[in-house]
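Following: one structure in structure tokens, then a few remarks.
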Amino acid sequence: MSILSALGLQSGRKIRYAVVGLGDIAQEAFLPGVAHTGNSELTAFVTGDEEKAQLVGEKYGVEACYGYDQFDEMLASGTVDALYLATPNWRHAEFIVPALKAGIHVLAEKPLEISTAKCQEILDAQKGSTAKLMVAYRLHFEPATLSMIERIRAGDLGELISFNSTFAQMVDPANHRAANGIEGGPIFDLGPYPVNAARYVFGDEPTEVVSAIGTRHPQAGFTGDFDDTVAVTLRFPGDRLAQFSLSYYANAIDTYTVAGTKGSIVMSPAFMYGMSLEQAITIGDSKSSKSFKSTDQFGGELKYFSDCILNDQDPEPDGEEGYADVRVLEGIVKALKSGTSEKLAPFTRTKRIDTAQVQTLGAEKTPELVNASNPGKGKDKAPAN
């Protein structure tokens, strides 16, 4: 148990959360994990669906339900300390900014927003607030991911050369992600995962989007104005390259390979929840593999954030971390539209992952969803945004 957790348990206090947006990710993954954190509880829901609010409220004992147009009323109610935000990507600043100004802590799903301008608006609000802001990078607390980072930092792979990833899920054309243009497409939905992973693998920030190429498959059934499959190359300092492909039409896969002068690590699965993440390790000619027990990634990040609030500690995946990824995603969109490379403005991250922040809460069962559905055509878990 971490020192932060011990202090939080000694206080006996629980952070009271409002959940804003009761779509698939909130119902499927976040809500089931709240109770076993020990330091968090649900006190309010904000949604545009009254029936959903009532039925989900009955399941979790939450009576206070608000419409989106009653958000300010909820902030002023005195019944919540923090909120978990799971609205569509382009509706994040809309709720984060007033919450921070009201002194309400925010755990926001990724990406933080869909532009650096909107992210800066959020960061400015956070600077003027006593409230804390954390972006829900659940893998920053996941055992397999942190184990991989430790091996890299220990020099096991030697000098890092490349990062290569594929992240795909066959998305149902009826899902809202397929009907909201590029902001709802794979760049902003799936893209934060390999972008963030490349950044914590290299411990650095990319300097250029070398290329971004997209394609549209008519047979996929999408009518929205976006590329269903995108391939990207990023340049990092030190002659390191990150390449990844994202797809809403390929069969489900989430994997990446980190290659160095002494060895490599393949993470597969790498990004999803509700399953064991696995490593295939090659050091010289020696090969080994390791499977990590599935954890409640959502409950773990929530437990960590509540500990930070209870003990007045700044969370690691803060607003700056969210800005860092959107900076790259924005560059990818520009490169995709221009058909040329895009230099990224200089940026320095002031904080990196502390591998001691690992969380190991046991996995929870997936409940039946109310007026919501997983976006995938198959049974694989969807990404958390």
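I need the phi-derived Karplus couplings for the stretch 263-270: 6.51 cos²θ - 1.76 cosθ + 1.60, θ = phi - 60°, integer Hz, Gly and Pro marked x.
Result, ordered by residue: x, 8, 10, 9, 9, 6, x, 10 Hz.
Within the chain, what percent of beta bridges assigned by DSSP are antiparallel, to the nearest 5?
Percent antiparallel among DSSP bridges in the chain is about 60.
Which of the aspartates and glutamates could be linked to Lys118 by a straight reach, that is with a Cα gap under 19 Å, when you skip same-chain ones fewer than 8 residues away?
Reachable aspartates and glutamates: Glu94, Glu109, Glu183, Asp189, Asp318, Glu320, Glu321, Asp325, Glu330.
Output the relative contact order of the stretch 256-385, whole-number percent, from Cα pairs under 8 angstrom with separation of 6+ residues.
22
Let me check the size of the stretch 174-233 from its C-alpha atoms; what are the radius of gyration and Dmax in Å?
Cα-based Rg and Dmax for the stretch 174-233 come out at 13.3, 39 Å.
A 18 angstrom limit on the alpha carbon distance is what I want to check against. Which of Lys132/Lys351; Lys59/Lys293; Lys101/Lys127; Lys110/Lys334; Lys132/Lys303 exceed it?
Violating the 18 Å Cα-Cα cut-off are Lys59/Lys293; Lys110/Lys334.
Helix 297-310 sits at what angle to the longest principal axis of the chain, using alpha carbons and giving 0 to 90 degrees rounded to 10?
Relative to the chain, helix 297-310 is tipped by roughly 60 degrees.
Can you tell me the 0 to 90 degree angle between the C-alpha axis of helix 116-127 and the longest principal axis of the chain, rounded to 10?
50
So how do 146-158, 343-355, 318-330 stack up, highest first, on mean other-Cβ count within 10 Å?
318-330, 146-158, 343-355
Would you compute, from DSSP H runs of 4+ residues alone, the mean residue ellipticity of the chain at 222 nm, taking -39500 (n - 2.57) per run and dividing by the full residue count, rounded to the nearest 500?
-8500 deg cm²/dmol, from helical runs alone.
Considering the alpha-carbon set of the chain alone, what are its Rg and its Dmax in angstrom?
20.0, 62
Cross-link candidates for Lys290: which aspartates and glutamates have Cα within less than 18 Å, leaving aside residues fewer than 8 places away along the same chain?
Glu142, Glu150, Asp156, Asp254, Glu278
Give the whole-number value, in cubic angstrom per residue, of the convex hull volume spanned by the C-alpha atoms of the stretch 143-293.
Expressed per residue, the convex hull around the Cα atoms of the stretch 143-293 is 110 Å³.
Once amide H atoms are placed 1.01 Å from N in the peptide plane, what residues at a sequence separation of 5 or more from Ser77, or on another chain, have their amide H within under 5 Å of its amide H?
The list, which skips near neighbours in sequence, is empty: none.
For the stretch 51-89 and the stretch 261-310, what is the separation of their Cα centres, given in Å?
Cα centres, the stretch 51-89 to the stretch 261-310: 32 Å.
For the stretch 92-176, what is the per residue volume of the convex hull drawn over the alpha-carbon atoms, in cubic angstrom?
175
Using Cα atoms only, what is the angle between the long axis of helix 143-153 and the major principal axis of the chain, expressed in degrees (0 to 90) to the nearest 10?
40
Defining a contact as two alpha carbons under 8 Å apart and six or more residues distant in sequence, what relative contact order in percent does the stretch 143-293 show?
30
Over the Cα atoms of the stretch 1-111, what radius of gyration and what Dmax do you get, in Å?
Over the stretch 1-111's Cα set, Rg and Dmax evaluate to 13.8, 41 Å.
Ranked highest first by average number of other Cβ atoms within 10 Å, how do 194-203, 284-293 line up?
Listed from highest to lowest mean packing, they are 194-203, 284-293.
Pairs of Cα atoms under 8 Å, at least six residues apart: use those to get the relative contact order of the chain, whole percent.
Contact order relative to length: 23 percent.
Which semi-axis lengths, in whole Å and largest first, follow from the square roots of five times the eigenvalues of the Cα gyration tensor of the stretch 123-225?
Equivalent-ellipsoid dimensions as semi-axes: 30, 22, 14 Å.
No value in this document is a laboratory result; all are computed from the given coordinates. Keep in mind that this is a model prediction, so the values were computed, not measured. Every residue, glycine among them, receives a Cβ derived from its backbone with ideal geometry; neighbour counts consider all protein chains shown.
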